[in-house]
1. Can you tell me which condition Ser133 does not meet? The list is (1) free of Cβ contacts under 8 Å to residues at least 40 places away in the same chain; (2) under 30 Å from Ala395 (Cα atoms), and all the others hold.
2. What about Thr584, is it surrounded by fewer than 14 Cβ atoms within 10 Å (Cβ to Cβ), farther than 26 Å from Ser474 by Cβ and not assigned by TED's automatic domain parsing to the domain that holds Ala483?
3. Among the numbered criteria (1) within 23 Å of Arg679 (Cβ to Cβ); (2) in contact with a Pro (Cβ under 8 Å, 6 or more places away or on another chain); (3) at pLDDT 85 or above, which one does Ala640 miss?
4. Which condition breaks for Ala553 when tested against (1) part of a strand (DSSP E or B); (2) within 48 Å of the chain's Cα centre (by Cα); (3) within 23 Å of Thr452 (Cα to Cα)?
5. For residues that are more than 14 Å from Tyr391 (Cα to Cα) and surrounded by 22 or more Cβ atoms within 10 Å (Cβ to Cβ), tally how many sit in the stretch 413-426.
6. Just the residues that are surrounded by 15 or more Cβ atoms within 10 Å (Cβ to Cβ) and at pLDDT 85 or above, please, taken from the stretch 587-605.
7. Quick one: Thr435 ticks every box in (1) out of contact with any Leu (no Cβ under 7 Å at 6 or more places or on another chain); (2) over 30 Å from Leu623 (Cα atoms); (3) not assigned by TED's automatic domain parsing to the domain that holds Ser377 bar one, so which box is it?
8. Name every residue in the stretch 70-82 that is surrounded by 14 or more Cβ atoms within 10 Å (Cβ to Cβ) and either closer than 22 Å to Tyr49 by Cα or not assigned by TED's automatic domain parsing to the domain that holds Ser97 (or both), in order of residue number.
Amino acid sequence: MPLVGFGQNCSNQITVSYYNSNGTLSSQTINNGQSGTSVSVCPTAGAIYSFDAYSTSDGTLTWARVISKAVNPAQDVVQVLATGVFNAPQVLRLNTSFTTATQFRVSSDPNKCGNNKIGYAYLTFTPALTLASTPATGVCVGGTATLTAGGSSSYTWSANGVVIPNQTGSTLTVNPTVTTTYTVSGTTSCGTSSQQITVPVKDVTISPSAPVICAGQTTRLTASYNGTSATYRWFVKGQTTVLSTSASVDVAPSSTTTYQVVATTSDCSTITKEVTVTVGAPTVSITPGTATICAGSSTTLRAISNNPNATFSWSPATGLSATSGATVTASPTVNTTYTVTATTPCGTVSASVPVTVATIATFAVSPTASTTCSGSSTTFTASSNISDATYAWYATSNLGVILSTAPTLTVAPTTTTSYRVITTTSCGNNSRDVTVTVNPLPTINVTPSSATIKRGGFVSLTASGASTYTWSPSTGLNTTSGATVIASPTTTTTYSVVGTTSGTPACSNSAQVTITVTQPLPVQLLAFAARRTGSKALLTWTTASELNSAFFAVERSKNGVDFAPLAQVPAAGTSAQIIAYAFTDLAPLKELAYYRLRQVDRDGTSTYSPLAALAAPPAADWLLATDAPQQFLIQAPLDAASRLTVLDLLGRPLFSQALSPEQTHVTLPNLPTGVYLFRLTTQHARLTVRQALSATY
């Protein structure tokens, strides 16, 4: 509706177009001073939002971000984002991004009808997932920034595309050393959303970064600081004489020299940077190295030399916008190779670039599809044979939001998602869709979900939901792989299990279980071991102290889980002395067996010792265990080439020691309780025996 009092072409109504959260185009016609609808959008990290506005009046259109809104629009505090003079109904487009609720203002200043009536309209956009940084202006090197997200109950964070593990909260504290882009994703009211924000790191840079000059030539080095302000001092590295106190210094070294600039900043600490000025031969190159254009179009060629005083000349002149200067525009009608010659105080050097005139444009996307695990990233790359190709990536579910304008798109969706890339060239355009099929992460469960044991006891833990499992930490576990493990920690321990599926790709997830250990043993056990002595089995154990100990119940098992009692050995009661005990199993099992002690107090309470393994009877008796912990008697002839190697049951060597011809005993490091392979190698023989081993305590 035209505003009252305005003549023809002066009604100054403003129409704004934008894409809503469903990816469809919406429009509003807003009278002067009115506010448009507050719109909720579903953001995607790095998305660029496009807004179009036009007025019914000729004049100046201006898009701005509202920092502070006043009663009188003329007193608003705004940041101008785009402006221009347009004839109605020409459109002013704004391409922008935002990570928190943002109010935009579009104004129309008519230039006809002899009036100065400025029309204003406001729109507020609120992303379903928000992201803010404190401070917002960047940090010093190693400084702290706090990122705060909102709109979801759980979050996934990444830095420069790499997922940050174990960070699911709404707040992330970071200490970047270089400018870093952080991305957060989460499930919001409108599905999976993501946002990204770049935290600038305030630092000093030197230009040129690696100059090459001729002997006697002068080059200018310029330092710049992206923070608030800085003062500078220039030195030759290793010297104390100040060359300059300005941002720039002119140098003319006779040989390759490294210079330092010390910047004293107003908002960060002192920063020192170096640059090496090389005295040597000049080089020249052309960007791009090759180019393909359509008939009637052009490409920009840029010459780059390592010598800062280089001047450039181009040939042939056919199709060129100029024959001198670092940058030229080439518009050949046939395939042409252009040559640039760089003239420096050191001499001249040349480079060439072929420019191909294509009759048809070709387009491709690689890969054409991808299958990943939920949260894992996939990178697609679009390409064209036309050098001036530009790209725009979208999610097909939201074609109003540009995800990337680079040839590549890296995404990490949590559900199966399709993307579209529109490639624009001077020869024509192309649209391609690709799909990321997302395999869900397995749900890992541990049974029991938690447990309480007495010190010296154990519990069996079983994981489910995947194909293979890895447990950590290894402390107190009989193994770190497999669905079921036996845990016998001596202190309260939280175990983590990572389960991996068997599909392609294999997806992993984790779960945790806490084992609470109570009631420390009233008996301090130093050692517990089992070994065969002929047809019998000798069990020995040693205590360092005892308190109200009644007896030791000796128990035996075939599988290390189900135990049966064998006998009771009276305990010393209460003692602060080292006491040795022994028990002989007159009829031990003929295969691998496990023993444990159930220490019973006078009040009837009891605790269990760790297990002692007894191997099956060896095929040979060349290796005999002694009473000393992990010491063995070798009853085989030795020579100068003799060596004893201890391996696990998978054949992996754990210990190896050369033996002298006169040696009779060998003592092992404190290996964990278990069954091992002992291999004796001499010049004339190789003997292997399977032997149980008990750890010392």
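1. (1)
2. yes
3. Failed condition: (3).
4. With respect to (1) part of a strand (DSSP E or B); (2) within 48 Å of the chain's Cα centre (by Cα); (3) within 23 Å of Thr452 (Cα to Cα), Ala553 is out only on (2).
5. Counting residues in the stretch 413-426 that are more than 14 Å from Tyr391 (Cα to Cα) and surrounded by 22 or more Cβ atoms within 10 Å (Cβ to Cβ) gives 1.
6. Correct list: Pro588, Tyr594, Tyr595, Arg596, Leu597, Arg598, Gln599, Val600, Asp601.
7. For Thr435, the failing item is (3).
8. Once the filter is applied, which keeps residues that are surrounded by 14 or more Cβ atoms within 10 Å (Cβ to Cβ) and either closer than 22 Å to Tyr49 by Cα or not assigned by TED's automatic domain parsing to the domain that holds Ser97 (or both), the stretch 70-82 yields Val78, Leu81, Ala82.
The values are calculated or read from the model by the stated rules, or taken from the named source; none is laboratory data. None of the values given here were measured: they were computed from a predicted structure. Using ideal geometry, Cβ is built from the backbone for each residue, glycine included, and neighbour counts are taken over all protein chains shown.
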